[in-house]
Amino acid sequence: MSLRKVGRFGELLAGAYLKGKGYKILERNWYCQGGEIDIVALKNGRMVFVEVKYVRNNRHIDPWDLFTRKKQRSLLRSISKYLKEAKNMSRDWDCYFKAVCCSSP
């Protein structure tokens with residue numbers, strides 16, 4: 001399976017997990033120049049930006065260990081662009097970031 005397909009599978013798992021926890025998924029794989037946001041969701045009136053990491057072979061890894069400084073900068077730029085461009089931004093949103101790590105057996 002290609003890395004892209006593996007990543008998409010992880011994002012589907014993360015989306016299902018988040019929905020089960022009461023999150024409303026607004027966007028998946030939101031792209032802009034220079035970056036991507038894996039999932040944009042809402043929960044309890046707060047906008048959530050989710051970075052998904054998928055790990056093969058059921059390795060127990062903290063997703064933050066996979067979240068490099070370069071990726072952090074890219075994601076922050078993408079979030080800023082999303083907030084400027086979002087159609088549903090008729091109000092100021094309380095926002096936060098979440099990392100989700102999925103693994104295969």
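The values are calculated or read from the model by the stated rules, or taken from the named source; none is laboratory data. The structure presented is a predicted model; accordingly, all values stated were derived computationally and were not measured. Note that each Cβ is placed from the backbone with ideal geometry, even for glycine, and that neighbours are counted across all protein chains shown. All accessible areas refer to the heavy atoms of the entire protein, side chains included, with ligands and DNA or RNA removed. Shrake-Rupley method; radii C 1.70, N 1.55, O 1.52, S 1.80 Å.
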### Summary
Within the range 33-52, restricting to residues that are in a strand (DSSP E or B) and open to solvent by 30 Å² or more (accessible area, probe 1.4 Å), the one that is nearest to Phe67 (Cα to Cα) is Glu36
### Task
Of all residues in the range 1-26, count the ones that are surrounded by 16 or more Cβ atoms within 10 Å (Cβ to Cβ) and closer than 19 Å to Met47 by Cβ.
7
### Task
Could you list all residues from the range 49-100 that are modelled with pLDDT of 70 or more, of a type in the set (A, V, I, L, M) and farther than 19 Å from Arg8 by Cα?
Leu76, Ile79, Leu83, Ala86
### Message
Under 7 Å between Cβ atoms, which residue pairs at least 6 apart in sequence (or on different chains) link something in the range 16-39 that is more than 10 Å from Val52 (Cβ to Cβ) and in contact (Cβ under 8 Å) with a residue 60 or more places away in the chain with a partner that is assigned to a strand (DSSP E or B) and open to solvent by 30 Å² or more (accessible area, probe 1.4 Å)?
### Response
Leu26/Leu42
